[in-house]
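Working notes, beginning with the structure itself.
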Amino acid sequence: MDLEQEESLYEFLENAKDPFEIDDIVAYLQGSSAKRGAGKRDKRLLYEVNAYLDTRKIAFKIDNRHWVSRRGCFEPGEFIITPTRLELLNGILIPGHRGIPFANPLIMPNRYQFFWKGKLVPFTTTEASPEDLYPYYCIYGEEFAPQYIARENPKNEEAFCKDPYEDPPEVSITTLDMRTIYRESSFIPGDRFVVRAIDWKDCRFKLEKCGKDEWQQARLDEWLNAAESGFEDSFTLLGPGASTEEQIAFAYWFGGKRMREIPAYSLEEFLYEKTNRIETVPYGIETRFWFAGKDIPDSQALQNYTVPPDRTFIEDLLYKKNIPISEFVILSYIRDAFFRNEKEIDEVVNRIIPPVIHLDETEWDIITDYISDTMVDFIKGYSLFLDKGAGPVRQRVAELHTAVIDLSARLQKGEIDTTWLPRHTFIVLSQIQGHAAALLEDLAFDESPSENEIAAMDNSLDSMIDTYSEIKELINNSMDNFRKSNLTVIHGGRNSGQLWRMIQISISGLDIWRRAIVSHECKMEELHKIIQTAMGWTGSLRFRFYCEKPDGGKEYVHDKVKLGDVDFRGRKELVYEYGLNWNVKIIIMASYEPAKFEETRFIAGEGASPPEKIEGPRHFKKLLDLYETENNKEKQSARQELGQEFTGAFDLDTINRNLRAVIRSGES
């Protein structure tokens, strides 16, 4: 599809309230093209529209033929907003993230309109520190909350741009003036608003009061079960998705009509108070919702959710080389060449496709011909004078984008076991690449962004470069450690002829890991004791080991089985299930020929272990937040639950000392 057709597609979806077929969209696009005098599209349009909907996740599939738009799904659905004490005290309501997914995501929350008894609720402005406001935007992702507040108004954006590493002391946001409503309705803490979406496209909502004790718990439990099932189906079928907003929209779809009806919990209350099955987890440099106590798997290549599903020939060629970009990114590289006053096509090609990526002669000719023709087409309209503002930023973005593509390609050459890489390496690189590609698309056209937009781009770029530098340093350290571990040490002695392994033990849902050297002769019952020592646990809960089957099932491993005899089903990974709340992942890493008188030992690690009595990773993370707070009462409460022995630190020497004692007691 061309740009005009994409715009017509979104226009169709914004207005579609009833289920539709792909043929309905195609007819609409062809009608729009005819009005522009563009003629009819070829038969590929049917395929392209279907691929676009399926890839971009902008509509819901009912069956093989029928779809429903976001508007058709969520209008006129009902959801809950529970005002906080801060809002009640100040007589305001902050829309923030509360409209997800019943509001058009293309419209900012400060433009939502709310009606009370048929009248528009007036707006007011509220001044506060960003820290006080972040909780009202965090469902978008904690990392995106500052951006939503900054985009409220130019002054906020300017305040955030002054120092990208420090929040401004105060910002101003648009809020609803609720003083009269709270007073006349005798609103008290715990009361709720039932919110009906009366116009999804333009974000118009109707408010009604609901007392805190009006609903039966059984009906609320029904909604809770539907919500948990909806989120888990979303994770299983779609993975982490392109954003938390996308995850939530599909959770409400998979949760069925019951999720879009009352009685219900507010989304905030559900996610942060009611459910024990869903939690917020790291996803590269972003966050997502996920199964509680589990990590989101890493990818093995760059992923860019903004790449056109109906790729052109050039875009598809680059995509197959793991360079997921649109032709607009290529155009931005060409404009960068004009800014640099370069005329050699080879230099442009080598920045778009680093030399580490192999191109055969035919592919090289196709790329160079395309870039040559495009340069000829656009050089006449290029003005260095008009490009002075955007040119330097574009140049820095292009250099970062090239570096990410180059690093990713080198990692995929197979020179290192990917289990040694930092967690979510390719996800982090994908996110940097995606953001950089989006900036290049914005800088691909003649019209230069405003000074404020360029300043915001520059600050965003600084942050991306810092993140890239950090992940590259971690990767280099991992590669050094991998090479050292694979240097064969040939020694005679007690262990001669035995094969040992380096393993990594990590608690799912937490950034806590230990790396150890163990023998292939190590039995599962012995590995259990090693894990217990690694985490400072006492063995008071039931445990079992299992490998995941390709179909997602579990194959349990008996206590007497040796590590070297485990059938890993092609995945070098075991899971240690400890009690109901803890899953520990054991990754089998490099083989290791032991030195003379070698012994099982830990060689690295990170993160303080949670006490085994704590109710899982989610609760442990809450306790850590309280443990580090400046509120003495909350800190004391966290310390009491964590126990007096909890120090918040990882101590390699102490763990190895305890492990030697465990081994000696087992030998005696």
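For region 406-464, the carbon plus sulfur part of the accessible surface works out to 45%, probe radius 1.4 Å. Sparsely packed loop sites in region 363-452 (the GluC sites (Glu not before Pro) outside DSSP H, G, I, E and B with at most 13 other Cβ atoms within 10 Å) comprise GLU415, GLU447. Net charge dipole, the chain: roughly 2100 debye, given to the nearest 20, about the Cα centre with Cβ charges of +1 for Lys and Arg and -1 for Asp and Glu. Among the trypsin sites (Lys or Arg not before Pro) in region 149-256, those placed in a DSSP loop whose Cβ has at most 15 other Cβ atoms within 10 Å are ARG151, LYS212. Taking the square roots of 5 times each eigenvalue of the Cα gyration tensor of region 72-214, largest first, gives ellipsoid semi-axes of 26, 18, 13 Å. In the chain, helical runs assigned H by DSSP with n ≥ 4 each contribute -39500 (n - 2.57); averaged across all residues and rounded to the nearest 500, the mean residue ellipticity at 222 nm is -13500 deg cm²/dmol.
What is the percent of Cα-Cα separations in the chain that go past 35 Å? The answer is 53 percent, as a whole percent. Each residue of region 163-171 was assigned a 3J(HN,Hα) from its phi angle through the Karplus curve 6.51 cos²θ - 1.76 cosθ + 1.60 (θ = phi - 60°); the sequence is 8, x, 9, 9, 6, x, x, 8, 9 Hz, with glycine and proline shown as x. With Cα atoms defining each centre, region 369-411 and region 231-291 are spaced 38 Å apart in the structure. Taken about its Cα centre, region 324-375 carries a charge dipole of roughly 360 debye when the Cβ of each Lys and Arg holds +1 and the Cβ of each Asp and Glu holds -1.
Taking chymotrypsin sites (Phe, Trp or Tyr not before Pro) in DSSP loop states with no more than 10 other Cβ atoms inside 10 Å as exposed sites, the chain has its longest site-free stretch at 166-384.
Neighbours of ILE517, meaning other residues whose beta-carbon lies under 9 angstrom from its beta-carbon, give a summed charge of +1 when Lys and Arg score +1 and Asp and Glu score -1. Bridgeable lysines around LYS17 (alpha carbons under 20 Å apart, same-chain partners fewer than 8 residues away excluded): LYS57, LYS61, LYS201, LYS206, LYS257.
Summing charges over neighbours of TRP200, with a neighbour being any other residue whose Cβ is under 12 Å away from its Cβ, gives +3 when K and R count +1 and D and E count -1.
The values are calculated or read from the model by the stated rules, or taken from the named source; none is laboratory data. Since this is a predicted model, take the numbers as computed values, not measurements. Neighbour counts are summed over all protein chains in view; Cβ atoms, including those assigned to glycine, are modelled from backbone coordinates with ideal geometry. SASA here: full protein model, heavy atoms, side chains in, ligands and nucleic acids out. Shrake-Rupley method; radii C 1.70, N 1.55, O 1.52, S 1.80 Å.
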